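This report refers to the structure that appears directly beneath it.
None of the figures in this text is laboratory data; all of them are computed from the coordinates on show. Given the structure is predicted, the values throughout are model-derived calculations rather than measurements. Counting neighbours? That spans all protein chains shown, and the Cβs are built from the backbone with ideal geometry, glycine included.
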Amino acid sequence: MAVEITENAANEVKRIITDQKHDPGTMLRLGIAGGGCSGFSYSITLSQEFDDEKDNKYDFHGLPVVVDKKSLLYLDGTTVDFYTGVDRHGFTFNNPNAVKTCGCGSSFQA
């Protein structure tokens, strides 16, 4: 199943890449790290690095996306969206593997 990036999220990342004048071939890298108030925190960065043995690569709406294989165990089925509203705006993670999430949505427990 892997991960899914919505069109809104892909467009926002492509806008950031263009506005910040990143090199061609810049990819969105998703991952997890230990920590956060619920156990794991989401990692979302821009990267030029890709390792065939350690990473999976996808394309969503013209955006190359890389997820390391260890993180994919916890992110499988996750949808990343970009939300804009009067109350907040930013990237959101809908992770079916999370049994508990923090109030801000940036960390989870699996």
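Details
- Translational D in µm²/s for the range 4-109 (Stokes-Einstein at 25 °C, 0.890 mPa s, Kirkwood Rh from C-alpha pairs): 172 µm²/s
- Label point of Asn11 set 7 angstrom out along Cα-Cβ; within the range 38-62, amide nitrogens under 20 Å from it belong to 59-62.
- Multiplying the residue separation of Gln20 and His61 by 0.36 nm and removing their Cα-Cα distance gives an extension gain of 12.8 nm.
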